[in-house]
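Right, one structure below, let's go through it.
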Amino acid sequence: MKSKFSTFDLVCSLTELQRHIGLRVNQVYDIDQKTYLIKLQSEEKVVLLIESGCRIHQTAFEWPKNQAPSGFTMKMRKHLKNKRLEVLRQLGMDRIVDMQFGTGEAAYHVILELYDRGNIILTDYELTILNVLRPHVEGDKIKFAVREKYPVDRAHPRVPPPNVDDLQQIFSKAKPGDSLKKILNPHLEYGPAVIDHMLLKVGLPHGVKLGKGFDISQMDKLCEALQEAESLLDQALTQPSKGYIIQKAEKRPTSEGGSEDLITNQEFHPYLFLQNANQLYKEFDCFDLAVDEFFSSLEAQKIDVKFLQQEREALKKLDNVKKDHHDRLQALQQTQAVDKQKAELILRNQQLVESCLLVVRTALANQLPWPAISQLIEEAKTRGDPVATAIAQLKLETNHITLHLSDPFFSDDTSSREEDSDDEAGTSKIEPMNIDIDLALTSFSNAKRYYDKKRSAAKKQQKTVESQGKALKSAEKKTKQALKEVQAMSTITKARKVFWFEKFFWFISSENYLVIGGRDQQQNEVIVKRHLRGSDVYVHADLHGASSIVVKNPSPQPVPPKTLNEAGTMAICYSAAWDAKVHTSAWWVHADQVSKTAPTGEYLTTGSFMIRGKKNYLPPLHLVMGFSFLFKLEESSVERHKDDRRVRAVEDEEAPAEPEEGMAEVELELSEDEHPDGKSATTLGDVEEVDEDEDGSQFPDTQIRVEHTNDNKVSVTSAMGSLSLQPSSIADETTVVYLGDNQPIVVKPSAPKPTKQKQQQMKAVKKEDNDEEKEKEKQNIPHVKRGQKGKLKKIKEKYKDQDEEERKLRMDILQSAGSGKVKDSKKGKKSGSKVAPVVKKPPVPKPASAPRPAAGDVAGVESGGEDEAEGEGVSADIDMLDSLTGQPLPEDELLFAVPVVAPYNTLTNYKYKVKLTPGSGKRGKAAKTVLNMFLRDRSATNHERDLMRSVKDQNMARNIPGKVKLSAPQLQKLKK
């Protein structure tokens, strides 16, 4: 199979690419270590693909780009971005391409080498190497390294084709029997395909060899062929050519017992050469399209070829079973025939057999040594004794002798007339053979022994014939099942799309938020720099090796606490806490609190970040993860699973049950004015700092249930008894409620709105209080560090005319612009929550618009020139998450399965799940055990089993935190 460009292919490709000269470089990406994409843009968008040692062409295929660009890519971005492609040329007739971007002293060259192991070199305008993909030394003097000059003059120039004298010299060094293509290819620049074409065109047969179809007298034809190749090369240099993919059809067996054609791509060419005219081919309008199609379908074709081999192996096993049964029957039939013949020969030579037994038994009875017995028999043979002549071998160690017996009724001198009469009587001639005779038995008993063997073989044959049908049916059934599984695997593997987030730790929360985490310091940095945006949340644990977790939140609504807890569990599980089996807590901050910029005079290492402002600590979390599978839904099945994962609102819950015996209900009417920060009573869980109850009155630890209704009433069920609080009774006092963790929640009464006169009086009193506070602060000024005194003096001078009210107004304005903290004048403390508009109930996203990953993180979209896809990216990721379900239904059409490791609470409603806790089991073995358990699940359909079975072992185990202990029903039975 063809895998790289020839010189002729390169000429045709560069002729087509000349139309893109003048386009600017928009961005550079890398697919792998050898393959790079250069995105050109002006009035049109063009993506140029270059692969070291292989190819260069325009591509329209969506190649998977690396999320973290390599150092070589960053170097090219630095020098090539926004520069025009000015020159695109081939150096001489070598497979070397020179691409010049920019002009004058601002020009840079990208040199692509397509021969041998290949290379990509970035140089400045003087061809001094700035970066090289594969540094090495060629010969003794040429170095490919940074700050070395690139040797342009080493490329071979175009030379005229060899004349008759040159050809005679070339053939004088060749061996008779070598093919002409092999002889000429090192001396010509056209490539083997063009050589085959031109030889056929002048009448020489395909694959012609020196001395076999070609000799020196046909040199004129060869010169004519070279002229034909030159004219073809001239045409390729000036005119764009079409493209052709040469294909091969192979018979592929089906599970129904038939066969179908499997089409595989073999070669790509810019012309339909004569040697390919009678083969299956596909034609394209231009050569670039053919090359792009060939390489983009290469992976899928490899899958087809791999599974074709597996199908052939399955059929081969069936053929082996059939052949084994056939050979066994043949062997049993042959054994029966031979045993019968041996028995009959013994009976026909009964007297001779008895004589041989008597001779040997007598010798043994006289206690003659075994060598002496052999010597006596040999001496008797020399005398022509018929008894001794019949003894072929002595096997005294096993108490046997071997006799050479022939049919006495069909001797050589028997007339043909007698043979005919015997044949008519039913007696057939038996060929002479060696027969083992047991010395302990008579001649008749020896004959009977062989008849018994014959009957035993006949019984085996009968049993084999009876079982053959069942065995073959079972083998055919297994083969059909294997073919069906292979074809299913082929379909699944082709449909399998690797999502952009699978390179990280990831899961989808129970409320449909995508949560991703870095595997190492480099990925941590990529996640924060590229994927932490807008209203996303950053979660981390202060532990060694802890992963940076990002909760993707495209909605302006806050991330719910349940998702934050799940992300916190992920953060501590992917840290040293897992191996140490330590229960701890994580914390979260908003995206704008995370910075890569270090304070002045300091620096941050890779994967480290500055957190500015207050950290929001989560409660201690358990080290419990789960393993499951998500199934990719076909588009028509997505609608059934829209509400599988969504934020559960109050109205979505079932009606509250009647209070149990000993439980009382408390109903509170709360007005919106009771929440100066704009939050409703449902945000009790977000209160971080509260005032302690000073009068000493408190409630004991009490378990309460708070139910919210749409009319601003809160129903509290408590085990304390009946507690009824109405607005009139709480107007003049503060109520403190304990939620069972000794942390009081302060419920303040709503006060009537003060009049304008009273507001002025309050403002005056407040100003006096502020003046007193300032005097106290002056008396309690802490020690000022060196260098800060001048700074404080400047700040004091700048804001000397600013009163407290003006300062508060300014702070409110700054807070609306994104400040994370505000001073609460009532409490005299800082609160970590942001100012939010007054709402009557907590914001609950609709199921159809539940929070999804951020826009810029769709596969293939990176920062720098891709902002136009922002709106479309959100929609694409919403659809992507909705198309993954952990609860497949029988009527769903499933495409493939994706293994997922997530906090166990997230997997509550998944069909397949197993609990992972820190233990001593290895990850790979644990993944195989889990898969076997899922495959044996009685509720699993055959298609679901195929989808799970198609997942590679390394993909299943890679997200398991470390050594694990598995917990699941029936797990011990499975292990046994």
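The values are calculated or read from the model by the stated rules, or taken from the named source; none is laboratory data. All of these numbers come straight from a predicted model, not from anything done at the bench. When we count neighbours, we look across all protein chains shown, and the Cβ atoms used for this are built from the backbone with ideal geometry, even at glycine. Quick note on the areas: whole protein, heavy atoms, side chains included, nothing else; ligands and nucleic acids left out. Shrake-Rupley method; radii C 1.70, N 1.55, O 1.52, S 1.80 Å.
Annotations for the structure displayed:
- Note on ASN905 and ARG84: the extension gain reaches 290.1 nm, defined as 0.36 nm multiplied by sequence separation minus the Cα-Cα distance.
- Three-way shape call for segment 41-161 based on the alpha-carbon gyration tensor, with the a/c threshold at 1.5: rounded
- Separation in nanometres of the label points that stand 7 Å from Cα toward Cβ, at ALA249 and SER42: 4.5
- Count Lys and Arg as plus one, Asp and Glu as minus one, and take only other residues whose Cβ is under 11 Å from that of VAL97; the net charge is then 0.
- Local electrostatic count, LEU289, Cβ distance below 11 Å [Lys/Arg +1, Asp/Glu -1]: -4
- Area accessible to solvent at PHE629, 1.4 Å probe radius, in Å²: 0
- Gyration tensor verdict on segment 1-92 (Cα atoms; rounded if a/c is under 1.5, prolate if a/b is larger than b/c, oblate otherwise): oblate
- Legend: residue pairs LYS65/LYS925; LYS212/LYS251; LYS4/LYS181; LYS78/LYS143; LYS248/LYS632, Cα-Cα distance threshold 28 Å; pairs beyond threshold, LYS65/LYS925; LYS212/LYS251; LYS248/LYS632.
- Cα gyration tensor shape of segment 154-199, rounded if a/c is under 1.5, else prolate or oblate by comparing a/b with b/c: oblate
- Cα-Cα over 25 Å, subset of LYS478/LYS928; LYS922/LYS952; LYS45/LYS596; LYS478/LYS915: LYS45/LYS596; LYS478/LYS915
- Per-residue SASA entry for HIS136, accessible area with 1.4 Å probe, Å² rounded to 10: 40
- When the trypsin sites (Lys or Arg not before Pro) in segment 62-163 are filtered for DSSP coil states and for at most 14 other beta-carbon atoms within 10 Å of their beta-carbon, the remaining sites are ARG117, LYS141, ARG147, ARG158.
- Proximal charge balance of VAL146 [Cβ under 13 Å; K/R count +1, D/E count -1]: +3
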